[in-house]
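A.B. asks: Once you've had a glance at the structure underneath, I'll fire off some questions.
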Amino acid sequence: MDKKIAYTAIKPTGVLTLGGYIGIAQNLKSITENYNSYICIADLHALTINPDPQELKNNTYKLLALYLSLGIDTENTTLYLQSQVHEHAEMNWILSNFTMYGEATRMTQFKDYQAKSKEVNMGLLNYPILMAGDILLYDTDIVPVGIDQKQHVELCRNIAIRFNHKMGETLKIPDVMIRKEGYKICGLSEPTKKMSKSDRGDTGTIFIEDTEEEIKKKIKRAVTDSESTVRYDVENKPGVSNLLTIYACLNNIEIKQAEEHFKNSNYGTLKTEVADTIVKTLTSLQEKYYKYLSNKEYLDEILEKGRQKAQIKARETINRVYSKLGIIR
Ligand code: AMP
């Protein structure tokens with residue numbers, strides 16, 4: 001039987017955080033082994049923040065190097081750059097005609113941007129529609145994401161259902177896949193909020209490029225609470241619960257087991273062991289990451305191979321869509 005199709009993407013808007021690593025990257029290798037996978041570097045999505053061009057270029061290579069250092073086999077997986085497959089931009093326009101203005105403006109991430117910023121460009125409103133196109137172009141069965149993207153995958157399903165209803169059965173309806181624990185890693189200084197790339201410079205975010213010293217310093221400063229018992233209780237002890245989640249996910253154990261492990265420990269011990277675990281994980285990742293990053297020629301070859309494979313499938317889907325719409329090909 002053919003394997004089911006998985007689709008996932010990360011934006012090259014900055015260096016990946018430990019949250020993004022746990023939420024999605026950590027499990028990517030096993031996802032690519034179990035599914036026919038399309039792994040995307042979403043550089044068109046990155047444009048919504050008007051990044052510096054040289055930085056966008058650097059971050060694109062960095063993300064590719066990261067994907068490779070996770071051990072993804074590029075023979076069996078389609079690893080590609082979104083902008084190199086123009087069908088994504090085409091699909092974005094098509095699907096915007098099947099998306100209601102009201103449902104796009106109701107997206108939490110969009111509303112958060114609106115609340116925070118005076119300048120809200122159309123790309124931010126369009127973001128989930130571009131994402132829906134990404135997913136639907138590959139006849140995707142499952143979309144592994146962190147919890148922050150769940151609502152966008154739901155919108156994608158609604159757009160596809162609406163398209164099929166109006167134009168006849170055309171698009172496959174995907175399901176979201178969210179890990180059981182670690183789907184929302186929080187910031188270390190504000191443990192009720194998602195750990196985010198935009199907090200660069202803040203001690204609350206760990207980046208996958210951080211050094212041992214930086215990691216230890218940030219974990220040492222992580223906000224806990226005035227109690228002294230190590231216990232998982234997101235509501236009353238968000239900081240400690242976040243540290244337990246990080247420890248559990250990186251050691252591939254359940255949070256309950258992590259809680260048991262630390263039941264007689266103080267916060268100092270918890271922090272030391274969490275920091276050591278992160279250092280161990282990231283040091284071994286960084287070794288491969290910097291090696292890939294230093295070989296631009298190889299990275300360009302990988303992108304070209306990915307573009308060719310992705311485009312075959314994307315073209316097939318977009319032709320099917322165009323023909324349903326009455327667009328002459
Ligand atoms: P982004 O870097 O925003 O493109 O996100 C890449 C992936 O990582 C998406 O699937 C997000 O849902 C996931 N992700 C980002 N931040 C976190 C976090 N703090 N905790 C868990 N998952 C996250």
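Here, each number is a calculation from the coordinates, and none is a lab measurement. Being a predicted model, the structure only gives us computed values, none of them experimental. Because the Cβ atoms are built from the backbone with ideal geometry, glycine has one as well, and the counts that use them run over all protein chains shown.
A.B. asks: According to the square roots a ≥ b ≥ c of the eigenvalues of the Cα gyration tensor, what is the shape class of segment 116-244, taking rounded for a/c under 1.5, prolate for a/b larger than b/c otherwise, and oblate for the remainder?
C.D. replies: Numbers: a/c = 2.77, a/b = 2.10, b/c = 1.32.
It is prolate, given that a/c is not under 1.5 and a/b is the larger ratio.
A.B. asks: Sticking with this structure for a sec: For Gln151 and Arg320, FRET efficiency with R0 = 25 Å and r from the beta-carbon atoms, rounded to 0.05?
C.D. replies: 0.40
A.B. asks: May I pose another question? Could you compute how fast the chain diffuses translationally, taking Rh as the Kirkwood radius over C-alpha pairs and applying Stokes-Einstein at 37 °C with viscosity 0.692 mPa s? Give it in µm² per second. Don't skip to the end; give the middle numbers.
C.D. replies: Numbers: Rh = 20.8 Å.
Result for D is 158 µm²/s.
A.B. asks: Another question, if that's okay. Equivalent-ellipsoid semi-axes (√(5λ), Cα gyration tensor) for segment 19-61, whole Å, largest first?
C.D. replies: Rounded to whole Å, the semi-axes are 25, 11, 9.
A.B. asks: Still on this structure: Could you tell me the center-to-center distance, by alpha carbons, between segment 68-104 and segment 285-319 in angstrom?
C.D. replies: 14
A.B. asks: Per the helix-only calculation at 222 nm, which mean residue ellipticity applies to the chain, given -39500 (n - 2.57) for every DSSP H run of n ≥ 4 and division by its residues, nearest 500 deg cm²/dmol?
C.D. replies: -17000 deg cm²/dmol
A.B. asks: Determine the alpha carbon to alpha carbon distance for each of Lys57/Lys324; Lys263/Lys288; Lys193/Lys271; Lys237/Lys288; Lys194/Lys313 and list only those over 25 Å.
C.D. replies: Lys57/Lys324; Lys263/Lys288; Lys237/Lys288; Lys194/Lys313
A.B. asks: Report D for segment 172-315 in µm² per second (integer): Stokes-Einstein, Kirkwood Rh on Cα pairs, 25 °C, 0.890 mPa s. Numbers along the way, then the final one.
C.D. replies: Values: Rh = 17.3 Å.
Estimated via Stokes-Einstein, D reaches 142 µm²/s.
A.B. asks: Using θ = phi - 60° and the Karplus relation 6.51 cos²θ - 1.76 cosθ + 1.60, list the HN-Hα couplings for segment 170-178 in order, rounded to whole Hz, with x at every Gly or Pro.
C.D. replies: After applying 6.51 cos²θ - 1.76 cosθ + 1.60, I find 9, 10, 7, 8, x, 10, 7, 10, 10 Hz.
A.B. asks: Does a label point 7 Å from the Cα of His86, set along Cα-to-beta-carbon, have any residues of segment 281-305 with amide nitrogen under 20 Å, and which are they?
C.D. replies: Output list for this probe position: 303-305.
A.B. asks: I would also like to ask the following. Spin-label point model (7 Å from Cα, Cβ direction): what's the Glu254 to Thr211 distance in nm?
C.D. replies: Label-label distance for Glu254 and Thr211, simple model: 4.0 nm.
A.B. asks: Considering the dipole of segment 24-164 built from charges on the beta carbon (Lys and Arg +1, Asp and Glu -1) around the Cα centre, which of Thr32, Ile49, Ser69 is farthest to its positive end?
C.D. replies: Checking the options against the dipole of segment 24-164, the answer is Ile49.
A.B. asks: Would you work out the relative contact order for the chain, in percent, from Cα pairs under 8 angstrom that are 6 or more residues apart?
C.D. replies: Dividing the mean separation by the residue count of the chain yields 22 percent.
A.B. asks: Any idea what Rg and Dmax come out to for segment 212-291 if you just take the C-alpha atoms, in Å?
C.D. replies: 13.0, 44
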